[in-house]
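*Asks:* Please see the structure below; I have some questions.
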């Protein structure tokens, strides 16, 4: 999904007009319109940060730094992508420095896999 589509979808999810997004970001209406119409991209990291802050999403969702989050955004909108990002972040924190021992971490992975395969089985039945 292109940056412009992400901006437009999220802006509408927040019930913002282009003018309101301009007020939040300090960017011109033409710039916002150009982004949404995929006519140009931000030139600086700071602009991505400003847009992400105004749209209340993580900057990686705008930049497409992670294919999984980008696909989640495309399929489920920003809410789905935010949920996916939060889950991955929390699991990463758990593995990086949580208080669980290796045996318990293995149990977490096993439980996640079981839920995944149950969900796949239900999908295949439909």
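*Asks:* Evaluate the following for residue 84: is it more than 11 Å from residue 3 (Cα to Cα) and modelled with pLDDT of 85 or more?
*Replies:* no
*Asks:* Can I ask one more? In region 28-45, what residues are in a loop (DSSP other than H, G, I, E, B) and either at pLDDT 90 or above or in contact with a strand residue (DSSP E or B) (Cβ under 8 Å, 6 or more places away or on another chain) (or both)?
*Replies:* 28, 37
*Asks:* Continuing with the same structure: Looking only at region 98-126, how many residues end up being loosely packed, with under 10 Cβ neighbours inside 10 Å and in contact (Cβ under 8 Å) with a residue 12 or more places away in the chain?
*Replies:* 0
*Asks:* On the basis of being surrounded by fewer than 11 Cβ atoms within 10 Å (Cβ to Cβ), under 27 Å from residue 44 (Cβ atoms) and without any contact (Cβ under 8 Å) to a residue 60 or more places away in the chain, does residue 67 make the cut?
*Replies:* So residue 67 fits the description; yes.
*Asks:* Tally time: how many residues in region 1-23 are surrounded by fewer than 18 Cβ atoms within 10 Å (Cβ to Cβ) and either under 17 Å from the mean Cα position of the chain (by Cα) or under 22 Å from residue 60 (Cβ atoms) (or both)?
*Replies:* Total satisfying the criteria: 8.
*Asks:* Can you spot a residue in region 35-54 that is within 15 Å of residue 7 (Cα to Cα) and in contact (Cβ under 8 Å) with a residue 60 or more places away in the chain?
*Replies:* Scanning region 35-54, I find no residue that is within 15 Å of residue 7 (Cα to Cα) and in contact (Cβ under 8 Å) with a residue 60 or more places away in the chain, so the answer is no.
*Asks:* For the condition at positive phi and out of contact with any strand residue (DSSP E or B) (no Cβ under 7 Å at 6 or more places or on another chain), what is the one hit in 77, 92, 107, 97?
*Replies:* Exactly one of 77, 92, 107, 97 is at positive phi and out of contact with any strand residue (DSSP E or B) (no Cβ under 7 Å at 6 or more places or on another chain), namely 77.
The values are calculated or read from the model by the stated rules, or taken from the named source; none is laboratory data. These numbers come from a predicted model, not from an experiment. Cβ coordinates were reconstructed from backbone atoms using ideal geometry, including for glycine residues, and neighbour counts include every protein chain displayed.
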